[in-house]
Amino acid sequence: MYPKGNKTVADSKTEMTRIVQYNDINGGRRLFGGRLMEWIDEVAGICAIRHCGMYVTTACVDNLQFRRGANLNDIIVVKAHLTHVGRSSMEVRVDTYMEERSTGIRRLINYAYVTEVAIGEDDRPAEIPYGLELKTEVEKAEWENAEKRNENRLRRRKEGF
């Protein structure tokens, strides 16, 4: 389907829609943060798989920001797109919205950056066969910011964090 070379950000964009049900809520009838983290991880993984065509594993979640809550019966939309591709890892931005039933207006409730690592047949990190073609200024800015986040992750790891 793709010639050797690059894929675009649009090629692997992924969106999942859920409705908050009883098994998703805490005692306050609000969406469990852990359940939302599960959905974020799932969508990020699918996005990364769609790019590299391999199994992936989550290596890191950065900058997980809970901006507002969600309640029982709210419609939740989880959207993911790639921001960076390295040798064996990919950074995925995941934005989560609560969608109003009556208007369709989406309000951001969470965002996160998830690092996914491609896994080869030997269950070890593997080289990603495709680069990432950046088509817009926003995509280029996200790439540059992803490189800064990666530098910060490497520095924190050296410092023992």
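Annotation: GLY27 fulfils all but one of (1) modelled with pLDDT of 95 or more; (2) over 16 Å from the mean Cα position of the chain (by Cα); the unmet one is (1). The condition (being on the phi > 0 side of the Ramachandran plot and not aromatic (Phe, Trp, Tyr)) is satisfied by just one residue among GLY160, GLY131: GLY160. Of all residues in the range 116-143, those that are out of contact with any Pro (no Cβ under 7 Å at 6 or more places or on another chain) and under 18 Å from THR8 (Cα atoms) total 18. Within the range 144-161, residues that are assigned to a helix (DSSP H, G or I) reach partners that are open to solvent by 100 Å² or more (accessible area, probe 1.4 Å) with beta carbons closer than 9 Å, at six or more positions or on different chains, in the pairs ARG155/PHE161. The set of residues in the range 87-96 that are buried (at least 18 other Cβ atoms within 10 Å of the Cβ) and either out of contact with any Phe, Trp or Tyr (no Cβ under 9 Å at 6 or more places or on another chain) or over 12 Å from ALA44 (Cβ atoms) (or both) comprises SER88, SER89, MET90. For the range 31-84, a residue qualifies if it is open to solvent by 70 Å² or more (accessible area, probe 1.4 Å), in contact with a helix residue (DSSP H, G or I) (Cβ under 7 Å, 6 or more places away or on another chain) and in a helix (DSSP H, G or I), and exactly one does: ARG50.
Could you tell me whether the range 130-144 includes any residue that is of a type in the set (Asp, Glu) and closer than 24 Å to ASN23 by Cβ? Checking the range 130-144: not a single residue is of a type in the set (Asp, Glu) and closer than 24 Å to ASN23 by Cβ. So is ALA146 closer than 30 Å to ILE25 by Cα and out of contact with any Pro (no Cβ under 6 Å at 6 or more places or on another chain) or not? Taking the combined requirement at face value, the residue does not satisfy it. Restrict the check to the range 97-114 and report whether at least one residue is surrounded by 12 or more Cβ atoms within 10 Å (Cβ to Cβ) and among the polar types (S, T, N, Q). Checked the range 97-114: at least one residue is surrounded by 12 or more Cβ atoms within 10 Å (Cβ to Cβ) and among the polar types (S, T, N, Q). In the range 103-132, the residues that are free of Cβ contacts under 8 Å to residues at least 40 places away in the same chain and more than 13 Å from HIS84 (Cβ to Cβ) reach residues that are in a loop (DSSP other than H, G, I, E, B) and of a type outside the set (Phe, Trp, Tyr) with C-beta atoms within less than 8 angstrom, at least six apart or across chains, in these pairs: ARG106/GLU100; ARG107/ARG68; ARG107/GLU100; PRO125/SER88.
Annotation: of all residues in the range 120-139 being open to solvent by less than 80 Å² (accessible area, probe 1.4 Å) and not in a strand (DSSP E or B), the one that is farthest from TYR55 (Cα to Cα) is THR136.
Within the range 2-30, if we keep just the residues that are farther than 25 Å from THR115 by Cα and small (Gly, Ala, Ser), the residue that is surrounded by the most Cβ atoms within 10 Å (Cβ to Cβ) turns out to be GLY28.
The values are calculated or read from the model by the stated rules, or taken from the named source; none is laboratory data. Computed from a predicted model, the values in this text were never measured in an experiment. Ideal geometry is used to build each Cβ from the backbone, glycine not excepted, and the neighbour counts take in all protein chains shown. Quick note on the areas: whole protein, heavy atoms, side chains included, nothing else; ligands and nucleic acids left out. Shrake-Rupley method; radii C 1.70, N 1.55, O 1.52, S 1.80 Å.
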